1. Round to the nearest 10 and give me the degree value, 0 to 90, for the angle of helix 168-177's Cα axis relative to the longest principal axis of the chain.
2. Using the Cβ atoms and a cut-off under 12 Å, what net charge is assigned to the surroundings of Phe41, where Lys and Arg are +1 and Asp and Glu are -1?
3. Nearest 500 deg cm²/dmol is fine: what mean residue ellipticity at 222 nm does the chain get from its DSSP H runs of n ≥ 4 alone, each adding -39,500 (n - 2.57), divided by its residue count?
4. So how do Ile211, Ile143, Ile273 line up by other beta-carbon neighbours within 10 Å, fewest first?
5. Which shape class, rounded, prolate or oblate, goes with the range 129-249 when its Cα gyration tensor gives a ≥ b ≥ c as root eigenvalues, a/c under 1.5 marks rounded, and past that a/b bigger than b/c marks prolate?
6. For the chain, give me the percentage of DSSP beta bridges that are antiparallel, rounded to the nearest 5 percent.
7. Enter the angle in degrees (range 0 to 90, nearest 10) between the Cα long axis of helix 72-85 and the first principal axis of the Cα atoms of the chain, meaning the one along which they spread out most.
8. Using Cα-Cα distances under 8 Å and only pairs 6 or more residues apart, what relative contact order does the chain have, in percent?
Amino acid sequence: MNIEQSKETSKIEDVVIIGSGPAAHTAAIYAGRAALTPLMFEGLFASGVAAGGQLTTTTEIENFPGFLDISVPELMTKMRDQAAHWGTKIFTETVDSIDVSQSPFTVVSDSQTVKTKTIIIATGATAQRLGLPGEETYWQKGISACAVCDGALPIFRNKPMVVIGGGDTAAEEATFLTKFASTVHLLVRRGEMRASKAMQQRVFDNKKIKIHWNTEATEAVGEKLLTGVSVINSKTKETQTITASGLFYAIGHTPNTTFLDNQLELDSTGYIITKNGTPETSIPGVFACGDVQDKVYRQAITAAGSGCQAALLAERFIG
């Protein structure tokens, strides 16, 4: 729902939620049921992602409990409707900045300034892409940035797949995909992997993984769906097209924390640091949930769980 907006308000909100994915909507549902009347800024293509969060960069979801067969748009619509049902006021606009130097906190969006007792940050992280020729054409039609999310889909079963990356994530995702793929081609742009020794050994020991050293992708090719990945060896300059039904990026994520202006404690890669496995940040009354503080699991269900925690702690903070 779109709410008619004013530039400023003298009312102090109980809780403002920034984000629109599973973490944000779960937080909104819990906060709404606690009669906190949460206000949510779901963003307007914030960080280039539609409302609904990073999950919207895929189409199907098979591992969210309670839904055997549901599309991502349908799932996110259900979450949004449930949040609105419990009184969440949703603004389809992006937060430009916040001020947490004093309480009540200040949240500044595209068209208004809001004062609030607590803030729940659920802005997620954006998967890094390569911008290959053909990437936009075959995104969600064979190209993905989450092997765990999409690797088991029927279009990939018993087909060759390509993973790009040389770190732990790439090693883990390549190994995971061997459960479904006929062959996994791992493209490593250097002559060695950055992954931990243990993860490298798993890759080396897996007969379904073929490593292409000093190799970079140059183009995604196909027809209606992806059919191959063109590559070049940086040393020999040899080129080839690897037949593949799936191409998975495992080159990292960028947490959406620029708008915080370093007011919260962040790690070296920009993720919000939370305390002792809780959603508590370095500022009392400001909570973080979902992928903006999780660079390990990055799943819809773990994001939703952390959104629940954030709302419960916000309720306790308000008293």
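Bear in mind that the values in this text are calculations on the coordinates, not laboratory data. Because the structure is predicted, anything quoted here is derived from the model rather than measured. No Cβ is skipped: glycine too gets one built from the backbone with ideal geometry, and neighbour counts run over all protein chains shown.
1. Between the helix axis and the principal axis of the chain, the angle is about 70 degrees.
2. -4
3. The helix-only estimate for the chain comes to -6500 deg cm²/dmol at 222 nm.
4. Ranking Ile211, Ile143, Ile273 by Cβ neighbours within 10 Å, fewest first, gives Ile273, Ile211, Ile143.
5. Taking the square roots of the gyration eigenvalues as a ≥ b ≥ c, the range 129-249 is oblate.
6. Percent antiparallel among DSSP bridges in the chain is about 45.
7. 10 degrees
8. Across the chain, relative contact order equals 21 percent.
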